[in-house]
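Here's the structure, in structure tokens; my notes come after.
The values are calculated or read from the model by the stated rules, or taken from the named source; none is laboratory data. This structure is a prediction, so every number in the text was calculated from the model and none was measured. We place every Cβ from the backbone using ideal geometry, glycine too, and count neighbours over all the protein chains shown. Just so you know, the surface numbers come from the protein's heavy atoms only, side chains and all, with ligands and any DNA or RNA stripped out. Shrake-Rupley method; radii C 1.70, N 1.55, O 1.52, S 1.80 Å.
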Amino acid sequence: MDAAMHRYLPWVVALAFFMQTLDTTILNTALPGMARDLGENPLRMQSAVVAYLLTVAMLIPASGWLADRFGTRSVFLWAIGLFSFGSLMCAISPSLQILVLARVLQGMGGALLVPVGRLVVLRSFPKDEFLKVMTFITLPGLVGPLLGPTLGGVLTQFASWHWIFLINLPVGLVGAVACRRYMPQLKAAGRQRFDWSGYVLFSLGLMLLSLALQGFGEHVVSMAICLVMLVAGVACMMTYWLHASRSEAPLFSPALFAVPTFRIGLLGNVFARLGSGATPFLTPLFLQVGLGFSPSEAGLSMIPSVLGAMFTKTLAIRLIRWGGYRRVLIVNTLLLGVLIASFSLIPRDVGHVWLAIHLGVFGMVNSMQFTAMNTLTLGDLDERTASGGNSLLAVVMQLSMSLGVATSSAFLLLFSEGVSRTDGAAMVPAFHATYLALGVMAALAAFIFHQLRLDEGAKKETAESRMSES
């Protein structure tokens with residue numbers, strides 16, 4: 001790798017991280033405005049969020065094989081192109097249905113950007129430089145959530161929601177030019193085998209289960225169809241695990257689940273993120289539909305939660321080393337559930353200062369939860385299982401956030417039945433009940449982390465170099 005490539009490659013990957021994290025947060029504040037323009041109920045706009053998250057979850061397992069087969073530069077360029085073209089299609093979508101299809105296309109690009117970028121850095125830099133480079137390229141990933149809600153609110157209020165997608169086009173153009181110049185074309189030495197049978201079964205199971213749960217909440221299809229999709233999804237997942245136990249090179253090795261901390265961390269991720277993963281979607285809706293905030297006010301109100309998360313990131317590992325994983329995760333998970341449920345106490349006339357304090361404390365606890373769960377899950381994996389475990393955790397993170405958004409929307413529709421969506425004061429109790437239900441669900445993960453032994457988790461700081469916080 002020449003000097004210019006060595007110098008500018010981290011900037012190219014950092015730009016991809018920024019694009020991906022900005023897009024996942026900028027949409028939430030704009031959803032009520034988008035709903036008005038598209039003639040939709042703002043409480044049913046979650047499909048635009050779920051479509052992206054689910055697509056990313058389905059394609060992450062194939063990202064490494066695609067990069068090895070076709071080359072990192074080629075796949076990265078295709079990822080930028082798909083993400084940019086999907087953004088353009090989102091901006092010109094005349095209906096929610098077309099918007100969802102465009103978000104799927106955008107998700108296909110987003111699913112490849114971060115994993116392939118991380119893979120290039122891993123293969124291009126020596127081990128003594130890897131952690132420093134990864135820290136540099138993940139910093140824009142923290143700036144994205146900081147700017148996203150505010151930028152989404154400002155653009156929606158003072159321009160139009162279409163610009164939250166159009167701004168991706170010049171960023172994508174710069175990224176494509178830089179990629180062609182500074183991204184190495186790395187391929188695997190030999191033809192790598194990919195578990196296509198397992199991939200189809202696993203992805204189909206994810207899709208059917210997610211669509212079934214979303215169907216139960218939205219009532220847009222019959223209960224019978226939802227039940228058929230649910231049973232079919234469970235059947236696909238069971239068939240996959242039977243296939244994995246007999247395959248020589250499965251998509252995700254069953255050996256992963258022989259590691260106790262991986263099992264507990266992965267299951268805890270699912271339940272904890274059902275609550276915490278729903279709040280970036282639910283809170284901007286609550287602020288605008290329930291409390292009557294403008295889009296820009298709602299976006300600015302979300303900044304304290306991101307600042308709290310950034311502050312905690314510097315303290316998390318030290319606190320975990322001091323208290324141990326079992327104690328930290330049990331206490332922090334219960335505290336996370338209480339904080340989510342405490343949103344049900346926010347009145348319609350809440351002051352901005354108290355709201356900022358509430359969101360800031362929530363951001364701190366939420367960040368601690370993510371750091372502890374991720375490092376616990378990956379920390380005991382060896383070289384043989386680290387790659388598959390990292391991919392599976394990334395899939396579970398995206399899937400659980402998708403399910404969290406779908407679940408919160410289902411609760412909100414259930415609790416607001418018979419209430420006019422235009423009456424903000426009447427909608428507040430429905431939001432309060434939804435937060436309470438999500439808080440209880442998140443707190444249940446404490447029972448999972450209770451299964452940890454006091455001495456488990458002594459080596460988890462090594463996982464920091466394998467995966468950035470998400």
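Residue check: is SER408 small (Gly, Ala, Ser), part of a helix (DSSP H, G or I), touching a Gly at 6+ places or on another chain (Cβ under 9 Å) and closer than 18 Å to PHE271 by Cα? Let's see the steps before the verdict.
Values: small (Gly, Ala, Ser): yes; part of a helix (DSSP H, G or I): yes; touching a Gly at 6+ places or on another chain (Cβ under 9 Å): yes; closer than 18 Å to PHE271 by Cα: yes.
Against the criterion (small (Gly, Ala, Ser), part of a helix (DSSP H, G or I), touching a Gly at 6+ places or on another chain (Cβ under 9 Å) and closer than 18 Å to PHE271 by Cα), SER408 qualifies.
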message: Condition first: part of a helix (DSSP H, G or I) and under 21 Å from the mean Cα position of the chain (by Cα). Can you find one or more residues in region 172-182 that meet it?
response: yes
query: Any idea which of LEU392, LEU414 is among the aliphatic types (A, V, I, L, M), part of a helix (DSSP H, G or I), open to solvent by less than 10 Å² (accessible area, probe 1.4 Å) and out of contact with any helix residue (DSSP H, G or I) (no Cβ under 6 Å at 6 or more places or on another chain)?
result: LEU392
- request: Would you mention how many residues in region 251-269 are assigned to a helix (DSSP H, G or I), modelled with pLDDT under 85 and either open to solvent by less than 10 Å² (accessible area, probe 1.4 Å) or aliphatic (A, V, I, L, M) (or both)?
  value: 3
- prompt: Looking at THR377, is it closer than 30 Å to GLY64 by Cβ and more than 18 Å from the chain's Cα centre (by Cα)?
  reply: no
- request: Could you list all residues from region 356-373 that are touching a residue at least 60 places away in the same chain (Cβ under 8 Å) and either in contact with an Asp or Glu (Cβ under 6 Å, 6 or more places away or on another chain) or open to solvent by less than 10 Å² (accessible area, probe 1.4 Å) (or both)?
  value: LEU359, SER367, GLN369, PHE370, THR371, MET373
message: Suppose we filter region 319-372 for residues that are closer than 24 Å to MET302 by Cβ, among the aromatic types (Phe, Trp, Tyr) and touching a helix residue (DSSP H, G or I) at 6+ places or on another chain (Cβ under 7 Å); how many remain?
response: 2
query: Do the conditions hold for MET34, that is, is it out of contact with any Gly (no Cβ under 6 Å at 6 or more places or on another chain), assigned to a helix (DSSP H, G or I) and within 20 Å of THR150 (Cβ to Cβ)?
result: yes
Members of region 222-250 that are exposed (fewer than 15 other Cβ atoms within 10 Å of the Cβ) and either within 30 Å of ILE340 (Cβ to Cβ) or of a type in the set (D, E, K, R) (or both): MET223, LEU227, VAL234, ARG246, GLU248
- request: Check THR21, THR55 and return the single one that is among the β-branched types (Val, Ile, Thr) and either more than 17 Å from GLY144 (Cα to Cα) or surrounded by fewer than 21 Cβ atoms within 10 Å (Cβ to Cβ) (or both).
  value: THR55
- prompt: Out of (1) at pLDDT below 90; (2) of a type in the set (S, T, N, Q); (3) assigned to a helix (DSSP H, G or I), what's the single condition that is false for GLN185?
  reply: (3)
task: Kindly provide the set of residues from region 281-327 that are aliphatic (A, V, I, L, M), in a helix (DSSP H, G or I), open to solvent by 20 Å² or more (accessible area, probe 1.4 Å) and over 15 Å from HIS358 (Cα atoms), ordered by number.
output: VAL289, MET310, ILE317, LEU319
- request: Have a look at LEU112, LEU155 and point out the one that is on the phi < 0 side of the Ramachandran plot and either surrounded by fewer than 23 Cβ atoms within 10 Å (Cβ to Cβ) or in contact with a Pro (Cβ under 9 Å, 6 or more places away or on another chain) (or both).
  value: LEU155
Positions within region 94-109 being open to solvent by 10 Å² or more (accessible area, probe 1.4 Å) and touching a helix residue (DSSP H, G or I) at 6+ places or on another chain (Cβ under 7 Å), in sequence order: SER95, LEU96, VAL100, VAL104, LEU105, MET108
- line: If you go through LEU376, LEU336, the only one that is part of a helix (DSSP H, G or I), open to solvent by less than 10 Å² (accessible area, probe 1.4 Å) and at pLDDT 90 or above is LEU336
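This table checks each residue for (1) modelled with pLDDT of 85 or more; (2) within 29 Å of TYR182 (Cβ to Cβ).
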position	(1), (2)
PRO32	yes, no
ALA67	no, yes
GLN97	yes, no
LEU105	yes, yes
GLY110	yes, yes
query: In region 379-389, which residue that is open to solvent by 10 Å² or more (accessible area, probe 1.4 Å) and part of a helix (DSSP H, G or I) is farthest from GLY215 (Cα to Cα)?
result: ALA386
Meets criteria (charged (D, E, K, R), more than 26 Å from VAL396 (Cβ to Cβ) and out of contact with any Lys or Arg (no Cβ under 8 Å at 6 or more places or on another chain)) for ARG36: yes
